[in-house]
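*Asks:* I have a structure I would like to understand better, so I am pasting it below and will then ask my questions one at a time.
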Amino acid sequence: MAEVKISAQPRTEFGKGAARRTRVAGRVPGVIYGHGTEPVHVTLPGHDLLMALKTANVLIRLDIEGGKSELVIPKAVQRHPIKIGVLEHIDLLLVKKGEKVTVEVPILTEGELAPGGNLLEHVLNALPVEPEATHIPEGVTISIEGLDAGATIHAKDIKLPSGTTLAVEDDAPVLHVVAAQAEAPAEEAAEGEEEATEEA
């Protein structure tokens, strides 16, 4: 995964008022932590950060005003509850090349289920893994070709990129195929309700 470079500025003002002024200026307050160091408070350009976060677990090279450079990954992102595309705060975790990190990567599927109206149930929406900080996979792809009702794909069944290991139990279910529910029982229930109404 390529690094995304973003410039950051040290943050000296705190509190809701300061955070509001930061966001009005088009910047996002954030904190950098990890490796047993004291947290560093910064602000980042909102648009650049939003673009970077389009990639899951993006690796960011932060150039902090004053000459310091840090390698980080997003750990927690607070988005505005109403305004789309507005970030309120971000936690960034310090990482080093060669170091293992625990992240969740998107689960992608390919292929078609067996005919018969089967439904795919995502038991996990993302897979917890431990890759090297500088080689975080963008996602894992699982083939569901021909799977029939009752089939389950477990974490151990997923092929992971080299250097990446599971951060969840091997037998943890990830995907499950269920049979489509027949509509007849619902119709029967509706008829039963009508009869009960007539009797009343």
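*Asks:* Enumerate the calculated ³J(HN,Hα) couplings along region 110-115 in order (Karplus 6.51 cos²θ - 1.76 cosθ + 1.60, θ = phi - 60°), each rounded to whole Hz, writing x wherever the residue is Gly or Pro.
*Replies:* For region 110-115, the Karplus curve yields 9, x, 10, 5, 4, x Hz.
*Asks:* Follow-up. Quickly rank 109-121, 148-160 as a protection proxy: mean count of other C-beta atoms within 10 Å, highest first.
*Replies:* My ranking of the peptides, most packed first, is 148-160, 109-121.
*Asks:* Applying the Karplus parametrisation 6.51 cos²θ - 1.76 cosθ + 1.60 with θ = phi - 60° to the phi angles of region 118-124, what ³J(HN,Hα) value in whole Hz is obtained for each residue in order, glycine and proline being reported as x?
*Replies:* Ordered by residue, 3J(HN,Hα) equals 5, 10, 9, 10, 8, 6, 10 Hz.
*Asks:* Let me ask something else about it. Among His47, His35, His176, which one moves the most in a GNM of the chain with springs linking Cα atoms closer than 10 Å?
*Replies:* His35
*Asks:* Hey, quick one: spin label on Asp170, modelled 7 Å out along Cα-Cβ, who in region 113-156 has an amide N within reach, i.e. under 12 Å?
*Replies:* 155-156
*Asks:* Mind listing the Cα extents of region 1-90 along all three principal axes, in Å, largest one first?
*Replies:* Reported extents, whole Å, longest axis first: 31, 28, 21.
*Asks:* Something else about it: Tell me, what % of the accessible area of region 1-137 is carbon and sulfur with a 1.4 angstrom probe?
*Replies:* That share works out to 52 percent.
*Asks:* Another one. Compute the angle between helix 184-199 and the longest alpha-carbon principal axis of the chain, please, reported from 0 to 90 degrees and rounded to the nearest 10.
*Replies:* 70
*Asks:* Here is a further query. Return the long-range amide H neighbours of Leu166 (sequence gap of 5 or more, or a different chain), with a cut-off of under 5 Å between placed amide H atoms.
*Replies:* Glu130
*Asks:* Between (i) 11.6; (ii) 12.6; (iii) 17.8, which matches mean projected area of the Cα convex hull in nm² calculated for the structure shown?
*Replies:* Label (iii) holds the value from this structure.
*Asks:* Quick one: which of Lys16/Lys96; Lys75/Lys156; Lys96/Lys159; Lys68/Lys159; Lys16/Lys97; Lys83/Lys159 span more than 29 angstrom between C-alpha atoms?
*Replies:* Listed pairs above 29 Å: Lys16/Lys96; Lys68/Lys159; Lys16/Lys97; Lys83/Lys159.
*Asks:* Dipole of the chain, Cα-centred, from +1 at each Lys and Arg C-beta and -1 at each Asp and Glu C-beta, to the nearest 20 debye?
*Replies:* Charge dipole of the chain: 2540 debye, to the nearest 20.
*Asks:* Using a 1.4 Å probe, what is the accessible area per residue for the chain, in Å²?
*Replies:* 60
The values are calculated or read from the model by the stated rules, or taken from the named source; none is laboratory data. Computed from a predicted model, the values in this text were never measured in an experiment. Note: ideal-geometry Cβ built from the backbone for every residue, glycine included; neighbour counts use all protein chains shown. Just the protein is used for accessible areas: all its heavy atoms, side chains included, with ligands, DNA and RNA removed. Shrake-Rupley method; radii C 1.70, N 1.55, O 1.52, S 1.80 Å.
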